[in-house]
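Comments concern the structure below.
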Ligand SMILES: [Zn+2]
């Protein structure tokens with residue numbers, strides 16, 4: 001059961017995990033963007049965001065609380081001096097995680113985690129383009145879907161016919177392959193074969209004719 | 001503790017594994033350079049994500 005297993009242990013002991021997150025958090029604050037695995041980035045997000053919120057209130061006490069989590073005085077002073085000012089208007093959500101593909105070697109999901117307010121390229125363009133883009137996609141989507149669906153309907157019946165005939169052929173082939181059933185059914189088959197031989201002879205021309213019709217339709 | 005009475009034969013083991021299949025990831029084309037990219041991933045060719053330059057990529061001369 002998953003009851004109360006809220007956070008990822010990352011395969012480490014508590015002390016190892018805390019030390020690693022402290023190092024990663026100070027790296028993120030000092031360099032604004034770090035590349036890591038997706039699981040670590042998600043764990044780091046829940047670790048640094050409360051610290052950044054804490055940094056908005058610049059008191060000796062909050063500095064000491066943050067230092068106890070970071071264990072790096074340069075990162076603490078950077079956080080309270082520069083990051084806190086930039087982040088002042090933002091009500092949480094200070095970090096951004098972008099996936100970059102899988103790592104060679106262990107195929108781990110890699111990503112970039114960065115401080116949102118330090119990526120100026122993303123900041124300017126998102127605020128301008130966000131609203132009209134969404135509307136356009138919704139309206140355009142409905143119009144495009146309708147004709148596409150009609151075309152699909154027209155295309156489907158032909159495809160279904162083809163697949164049906166193909167399946168029928170496969171079923172016959174499968175029956176031929178299975179030896180166990182054959183031995184059991186041989187007795188029955190011998191009886192039936194006389195009757196079915198006549199029936200098949202009648203069926204086959206009909207099948208061939210129907211296939212020719214389909215080819216003409218195409 | 002319960003133990004297996006006999007070794008699982010190669011056939012039995014391989015038959016079990018016939019259901020282990022690799023699935024194809026959903027793919028899209030990059031809006032900037034047209035390369036094939038995974039959804040929700042930065043383009044590995046040009047470093048764009050949702051129409052914006054996210055990573056600086058050096059262009060080979
Ligand atoms: Zn691209």
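Looking only at residues in region B:18-30 that are surrounded by fewer than 15 Cβ atoms within 10 Å (Cβ to Cβ) and in contact with a strand residue (DSSP E or B) (Cβ under 7 Å, 6 or more places away or on another chain), the one that is nearest to the other protein chains (Cβ to nearest Cβ) is B:25.
The residues of region B:47-57 that are in contact with a strand residue (DSSP E or B) (Cβ under 8 Å, 6 or more places away or on another chain) and either near the ligand (Cβ under 10 Å from one of its atoms) or more than 10 Å from chain A (Cβ to nearest Cβ) (or both), listed by number, are B:47, B:49. Filtered by the rule that a residue be in a loop (DSSP other than H, G, I, E, B) and at negative phi, region A:2-22 gives A:2, A:3, A:5, A:6, A:7, A:8, A:9, A:12, A:13.
Looking at the structure I just gave you, is residue B:15 away from the ligand (no atom under 16 Å from the Cβ), outside any loop (DSSP other than H, G, I, E, B) and modelled with pLDDT of 95 or more? When the stated conditions are applied, residue B:15 passes them. Step by step: first the residues of region B:21-43, then only those that are part of a loop (DSSP other than H, G, I, E, B) and near the ligand (Cβ under 8 Å from one of its atoms), then the one that is nearest to residue A:99 (Cα to Cα). Which residue is that? Per the criteria, the residue is B:43. Annotation: residue A:114 fulfils all but one of (1) under 19 Å from residue B:53 (Cα atoms); (2) within 14 Å of another protein chain (Cβ to nearest Cβ); (3) surrounded by fewer than 19 Cβ atoms within 10 Å (Cβ to Cβ); the unmet one is (3).
How about region A:72-107: which of its residues are at negative phi, part of a loop (DSSP other than H, G, I, E, B) and more than 14 Å from chain B (Cβ to nearest Cβ)?
A:72, A:88, A:89, A:90, A:91, A:94, A:106
Scanning region A:23-71 for residues that are part of a loop (DSSP other than H, G, I, E, B) and exposed (fewer than 14 other Cβ atoms within 10 Å of the Cβ) yields A:57, A:58, A:59.
The values are calculated or read from the model by the stated rules, or taken from the named source; none is laboratory data. Predicted, not measured: the structure shown is a model, and the values here were computed from it. Because the Cβ atoms are built from the backbone with ideal geometry, glycine has one as well, and the counts that use them run over all protein chains shown.
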